[in-house]
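To start, the structure under review is shown below, and the notes come after it.
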Amino acid sequence: MLKYLLKRILFFVPTIWIISLLTFSLSVNSPGDPVDIMLNTAGESGQNADKQAKQKEYDAMREKLHLNLPVFYFDISSLAEPDTLYKIPKKLHRENLDRLVSMYGNWPLVSAYYHQIEGTEKKVDQISAPDSLKDELIKARLLISELYYKYDEVVLREKHKKISEALHKINPSFDYDHSLLVSYDDMVLHLATWKNYLPSFHWNGYQNQYHIWLTNLFKGDFGTSYYHKRSVLDLISERIMPTIVYSFLSIIIAFLVSIPLGVSAAVTRGTKKEKVITILLFILYSLPSFWIGTLLINYFTNPIFFDWFPSTGLKDFDDQAGFFERLSNYVDHMVLPLFCYTYSSFAFISRQMRGSMIQTLNQDYIRTAWAKGLSERKIYWKHALRNSLLPLITLMSSVFPSLIAGSVVIEYLFTLPGMGLLAYESEVSKDYPVIYIIMLFSAALTLIGYLVADILYAIVDPRISYGKK
């Protein structure tokens, strides 16, 4: 058994590593620029001095998030693609440059064109225009900023033409045609698309985003929330306890209620009692939790009907309150959400228990127990129940991820500051570091659930052995 457990634990290492790779890949390829999200600067523009200050702030934040480093230990790409594209600060700029490289295959000329756009933008930012031509200057600046995101030749030539016309009205001597247009024509004319079909390998070393992210992960540093501007670990530490408490109590109540119901249904199958219980359980199972939660809030927290429970939150007392006052208040807040967490599990678990119990009761050793004259209590609750628990152990292993993921709908309805509500808020605000850490921990807990299930199988059924006999 011990040897088997060690093998399973060792097997978890590559599994977790692959999951971490997938999680990191999602975080890198998620839409939006994380630096813009954190600084709230997406789409902003302004005067030259203001833009320079924002650029310095942008570069500093990018370095803090290690986005100025290569993504992985190595890159496998085409010969046309450079190994230094990560040095371009703006994510949308990098994506557009990647398209241009795929279209023309000549990175030196693509890079020269990009730097010409930057140079032209700086020159135009320094231009002053009379009030009558202010609109033309604004138009030229907006058109130049759009060049960073365009790659279609027809569209680009039309924009170049409009920029040239606008700048010519402001300053006829401006050398726009001589600089940017020539650079663009060179890129279009000197094609090297054949490079796109030749593979290229670049070794980036250990100073890369994934290595730092993984190293920090093992140190307990899960990154910084884009939305809250705080450590992800601090956010999870604040939110995880309510979810664990509700999930744990929900699991305990569900199994304590469902196992006796399932055993009773198996023993009394075909009777009116069993049919009534089954119908009631399936009615509960069919009712969506958000609808039940809404009804509970409307009828049991409303002074017009039954103002028995608080509608939201975890507590409603002074921190100086006594132990019993705190306990009573916590219980009042937990009743309705806990019911919503639990009721739908009764039908599913009890039916699984019923089916497994019926199958067990038809076994030969149960008939032998009846023939020996053992009491019903011993046969049902000692011999039959133990061997009927294997399907429930499988179900129990699947509930481990809920300890971190929580229930989004219920926590949202009752404003419970748990992991489910945190996941919902993070999804709405595109707070990807929080989302992906929740995903990673849910996957790890799934593996732990499978391991615990294997151990419980051997405890419940002695016939199951993982060692050689």
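Charge dipole (Cα centre; +1 on Lys/Arg Cβ, -1 on Asp/Glu Cβ; no other charges) of the range 100-141 amounts to roughly 80 debye. Stretched out straight at 0.36 nm per residue, the stretch from L189 to K54 would grow longer than its current Cα-Cα span by 45.0 nm. When peptides 224-233, 150-159 are sorted by average Cβ neighbour count within 10 Å, with the highest value leading, the order is 224-233, 150-159.
Here the range 136-270 yields Rg over Rh of 1.38, to two decimals, using C-alpha coordinates and the Kirkwood radius. For the range 92-143, taking the reciprocal of the average inverse distance between every pair of different Cα atoms yields a Kirkwood hydrodynamic radius of 12.7 Å.
Basic side chains Lys and Arg get +1 at the Cβ, acidic Asp and Glu get -1 at the Cβ, and with that the dipole of the chain about its Cα centre reaches some 2860 debye. Taking amide H positions as modeled 1.01 Å from N, with prolines and chain starts lacking one, the residues under 5 Å from S200 and 5 or more places away or on another chain are S77, S78, L79. Amide H contacts of F74: N204, each under 5 Å away and 5 or more positions distant or on a separate chain (H built 1.01 Å from N in the peptide plane; Pro and chain starts excluded).
Phi angles across the range 301-307 convert, under the Karplus curve 6.51 cos²θ - 1.76 cosθ + 1.60 with θ = phi - 60°, into 3J(HN,Hα) values of 10, 10, x, 5, 10, 10, 8 Hz, Gly and Pro given as x. Counting neighbouring beta carbons within 10 Å and listing from fewest to most, the residues F12, F305 come out as F305, F12. Seen through its C-alpha gyration tensor, with square-root eigenvalues sorted a ≥ b ≥ c, the range 325-441 comes out prolate because a/c lies at 1.5 or above while a/b is bigger than b/c.
Taking Rh as the Kirkwood radius computed over C-alpha pairs, what is the Stokes-Einstein D of the range 232-460 at 37 °C in a medium of viscosity 0.692 mPa s, expressed in µm² per second? Spell out each step's value before the answer.
Details: Rh = 19.9 Å.
My calculation gives 165 µm²/s for D.
Hey, what angle do you get for helix 272-286 against the long axis of the chain, alpha-carbon based, 0 to 90 degrees rounded to 10? Roughly 10 degrees between the two axes.
Using only the Cα atoms of the range 185-258, construct the convex hull and provide its projected area averaged over every direction, in square nanometres to one decimal.
12.1 nm²
In plain terms, the chain from L5 to S128 could stretch by 36.9 nm, reckoned as 0.36 nm per residue minus the Cα-Cα distance. Per residue, the convex hull spanned by the Cα atoms of the range 37-177 amounts to 115 cubic angstrom.
Label separation (S77 vs T268): 7.0 nm, computed from points 7 Å beyond Cα along the C-beta direction.
Each value in this text was obtained by applying a stated rule to the coordinates, not by laboratory testing. What you see is a predicted model; the values in this text were computed from it and never measured. Please note: Cβ atoms are built from the backbone with ideal geometry, for glycine as well, and neighbour counts cover all protein chains shown.
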